[in-house]
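Heads up, the thing below is written out as structure tokens.
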Amino acid sequence: MSDPLLNQKFAYFEIQDRIKAGGMSIVYRAYDTRRRLIVALKVLQQSLSLHDDIVTRFEREAKIAERLRHPHIVQFFEADQHQGWLYIAMQFMVGGSLADQLAANPKITLARTADILEQIGSALDYAHHEKVIHRDLKLGNILLDENGDVLLTDFGIARMLDATQGLTTPDQQMPGTVKYMSPEQVMGKTDLDYRSDLYSFTVIAYLLATGRYPFTGTDDIVVINQHLNMQPPAPSRVNPHLPSGLDDVLIKGLAKKPHQRYQSAGEFARAFRDAISGYEAVTAYVDMRAENPALQAQSPDFTRYENQTDHPTIPERATTEPKRIRIDPLMAIIGVIALILGVSVLLAFQTNRIQQDNQQTQSAFSALQATETAFALLPTVTYTPSLTLFPTETETFTPTPSPTHTITPSPTETSLPTSTSTLAMTVTETPLPVTPAEVTDTAFSTVSEFMTALRNLGSQSAFNCVAFIDYYAYLTGESPLAALTVLVDDQDDAFHDVYTFCEDERENPRAPLGFELFFRFDEASRQLDESR
């Protein structure tokens, strides 16, 4: 397919070559006859200039690029249009992208990674200070100049927190690249803050240090679920040459909750530098095949590096050959006899110990059976939760079907046994309500009880709106749990949005709530419960 702009005069630019083409625009290398230098010319595809939302996004990128002036952010020159073509002229980076460089030579040392993190980290902190969130950090958006320094580019989906004139309108699609996205970004939240960038920044560090992404999968849904619910492999298990101290740094940077991460890119870069002290020469081989589909599974571009073992051993071991030791045959025979006798004594002792343990285990098992029988009589909530696509906690609730909704608690037990769950139900003299009609001012005595009942109303695909309306009415009345009245505040959009939805589904006891709304509702209720 011919390119109508290639080798043509475009305004006062002479277009020389095509650098890359994306879904929205094409980037050319061009000679600027006014500035007398080579520039990168980003031109919006002309067929898209009729779409107002795309034009707005392109203009937003130009405004943000013009606003940001930093040694490690690609310099903006101008933005204009020529004969119906919208364009942005920027600094030309002769080294291409970091993704391109690693595709050609995947070897990178920890020292080089630390340098990259410090340079890009300073650019990120500057952008965040200017209230700009990038939202699409990845290796393809890190460019290299003639000196090997790295600069950040492509603020095409960035947001200005104080933007006006409609620039904060949400995009129609989920913005960003899934493998780098923060949990809050994959949830589709539009009110992201700078800490979402810090998560993506840590993904880059993890990839450069280990050679692999923290989360991978056969499709985007699998990766999204991992971002939301799974912990990444310890970096030192992926690349065993890494110092163990780096594990804590990278795992903290990938925390699911924003407040648990590092709170600036510079802070993270410094922690990374400190953790690799003495290990700067350790090498990773970065597998770019996941980011660049052109690199096939058997491509020599990467496989020739996969089995290399040129990592330095730290600390260095002595290279001198050890002295040979002459063994006396008589002493060897005596040693073998002593070893056999020692093993025999050890086996006899172990056999006796196993018999004692078996007797203790049998006694404990009998006691456990009796305890389980007693616990089986404790009341449980009877609303049956549906299996969610992306579970957000590790605890499970086991519904007990009953034909009468009336269960008598055991007189010998006052609380459920302690477990690893972060949520605990406290059994009181008054059982939890098992039908909406039983929601009264004396039905709950603790926040945990109410939250447990509320969450058990169902899932995104089958939510009990009838019961939720009754619970909501309970809160708007004279509820003794004053801490829960915040749930009916219309500023708390998660609960209020569920209430609005259920008002429309008042006659439908098993309404489909939808994943995003249910996830927000479930997460908000858990956070409130944990905060009390």
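Show me the ranking of peptides 268-275, 219-226, 133-140 by mean Cβ neighbours inside 10 Å, starting with the highest.
Descending mean neighbour count gives 133-140, 268-275, 219-226.
Using a simple spin-label model with points 7 Å from Cα along the Cα→Cβ vector, what separation in nm is obtained for LEU6 and LEU48?
1.9 nm
If I stretch the segment between ASP504 and ASN225 completely, what's the gain in nm (0.36 nm per residue apart, minus their alpha carbon distance), one decimal?
Taking ASP504 through ASN225 to full extension adds about 97.4 nm, to one decimal.
With label points built 7 Å along Cα→Cβ from the Cα atoms of HIS70 and ILE38, find their separation and express it in nm.
About 2.6 nm, to one decimal.
Nearest 20 debye, what's the magnitude of the dipole of the range 1-84 about its Cα centre given +1 on Lys and Arg Cβ and -1 on Asp and Glu Cβ?
It comes to approximately 320 debye.
If one computes the Cα centroid of the range 35-49 and of the range 179-215, what distance in Å separates the two points?
A separation of 29 Å, based on Cα centres.
Roughly speaking, what is the stretch gain from SER448 to SER277, that is 0.36 nm per residue apart minus the C-alpha to C-alpha distance, in nm to one decimal? Walk me through the numbers before you get to the answer.
Working: separation 171, 0.36 × 171 = 61.56 nm, distance 4.59 nm.
Extra length available between SER448 and SER277 comes to 57.0 nm.
Where does each of 87-94, 75-82 land if you order them by average Cβ count within 10 Å, highest first? Walk me through the intermediate numbers first.
Numbers: 87-94: 20.4, 75-82: 15.8.
Answer by packing, highest mean first, reads 87-94, 75-82.
Can you compute the FRET efficiency between HIS129 and ALA462 using 1/(1 + (r/R0)^6), with r the Cβ-Cβ distance and R0 = 41 Å? Round to the nearest 0.05.
0.35
How far apart, in nm, are the 7 Å Cα→Cβ label points at ARG18 and LYS107?
According to this spin-label approximation, the distance is 3.4 nm.
Within the range 248-264, what residues put their amide N at less than 19 Å from the label point 7 Å along the Cα-to-Cβ vector of ALA234?
248-256
Here is the link list: LYS42/LYS189; LYS179/LYS256; LYS20/LYS131; LYS63/LYS131; LYS179/LYS252. Which ones come out longer than 21 Å on Cα distance?
Details: LYS42/LYS189 29 Å; LYS179/LYS256 14 Å; LYS20/LYS131 29 Å; LYS63/LYS131 13 Å; LYS179/LYS252 17 Å.
Distance filter (> 21 Å) returns LYS42/LYS189; LYS20/LYS131.
Assuming R0 = 51 Å, can you tell me the calculated FRET efficiency for the pair HIS259 and LEU339, based on Cβ-Cβ distance, to the nearest 0.05?
That pair, HIS259 with LEU339, gives E of 0.35.
Taking R0 as 60 Å, what's the FRET efficiency between ASP80 and HIS496 from their Cβ-Cβ distance, rounded to 0.05?
Computed FRET efficiency for ASP80 and HIS496 comes out at 0.85.
Computed from the coordinates by the stated procedures, all read-outs in this text should not be read as laboratory data. Since we're looking at a predicted model, the values are computed, not measured. Note: ideal-geometry Cβ built from the backbone for every residue, glycine included; neighbour counts use all protein chains shown.
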